[in-house]
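Working notes, structure below.
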């Protein structure tokens, strides 16, 4: 949030202008704040609550507040009085504008409550005791979930300052009936139990610490509204598409991909599309690629050269200079190492469908396989099928040229296989396909 200097505070700090202030302006400059903005809870919720004029708290002070959940310990963030005299003070209009820009109605902001007092040492000891009770509550909830065979993962738990309410955060992929579980926990800890189902991102907000950038997770420090992130943002920013490198602690795409998405979208809209014909100082060409941040366009000229042109130097292809009219030596030429090699077929790359069809038919017409063949002669029994396919059909067919696929042909083919197998076992030589040799012994 931007911090703006307050004019009243600046005038009051200047000794030359202090005497020129009226009595009403001096009273307004020393007026105590009417509301305080605090942060409370495990999910770092924000609240603006009224306070007594006798409370003199500074930024970061611990306060005892009454929230919508009960009596809790909160941390003071800022005051909303425009003339409080604190340099970190912001007006209520600026605060509401920040909340509206950060998520609007989805922002966890509450204003129904009150600041009771500044936390004392006894309140801090009670807060530490409630933290221990919350750990026991989470452990007991895990045991009971296994006892009741509930498909849920207990993430964390917390309790209010006066132990009137306990909140359990759990993660589950399906709907869970936890009525018996909550009833047993409430009777054991003598408080009201609230079961809150959270997602993967909220789970990281509760238990995660640091991200790969070395900073605290955004969802744990300042990010209050967790919006979905799509793979389109990573493709548009030309980041790596490896899910392991662009995923956060929650296993989902990192939220920081969304920060610059709008900027990339606006800059990309200015670049021309690929295969668009544009004009340059070196001649007309076609757009091959573009760089979003640097606003450079890679253009392939008509003579085959690739050049990088700034966006503002592009012109109409009809009115640009021709390639022969421009002295190319006046422009910087890329080195041999920077030149893009021509595209080559990768080893093992499959050819086009047309080539495969010609190869199945026995090669191109007029080739060596068609040289001694009459126009009406077919290559096999199926009339135009490939050699490999033809050999398979011969094995399945009968010896007298029976049609493949019939019951008689399949039976003769099976008998032929048995005879050939017997000859191989006895060391005999093979005869014709599907027919036994005259010198072969009778079958057993």
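Read the figures in this text as sums done on the coordinates, not as results from a lab. All values derive from a computational prediction rather than experimental measurement. Cβ atoms come from the backbone with ideal geometry, glycine included; neighbour counts cover every protein chain shown.
Key figures
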{"read-out": "Sorted by Cβ density within 10 Å, fewest first, the residues 35, 79", "value": "35, 79"}
{"read-out": "Extension gain from residue 422 to residue 238, taking 0.36 nm per residue of separation minus the Cα-Cα distance", "value": "59.7 nm"}
{"read-out": "Efficiency of FRET between residue 194 and residue 116 - r from beta-carbon atoms, R0 25 angstrom, step 0.05", "value": "0.70"}
{"read-out": "Residues residue 323 and residue 207, FRET efficiency given R0 of 51 Å [Cβ-Cβ distance, rounded to 0.05]", "value": "0.25"}
{"read-out": "Full-extension gain in nm, residue 221 to residue 34, via 0.36 nm per residue minus C-alpha separation", "value": "64.6 nm"}
{"read-out": "Cα-based convex hull, the range 206-267, per residue volume (Å³, whole number)", "value": "92 Å³"}
{"read-out": "Residue 68-residue 286 FRET efficiency (beta carbon distance; Förster radius 56 Å; 0.05 resolution)", "value": "0.35"}
{"read-out": "Convex hull per residue volume in Å³, alpha carbons only, for the range 123-198", "value": "73 Å³"}
{"read-out": "Where the Cα pairs of the range 55-200 fall when distances are cut into 10 Å bins, in %", "value": "10, 31, 29, 21, 8, 1"}
{"read-out": "Extended-chain gain in nm, criterion 0.36 nm per residue less alpha-carbon gap, residue 93 and residue 300", "value": "69.2 nm"}
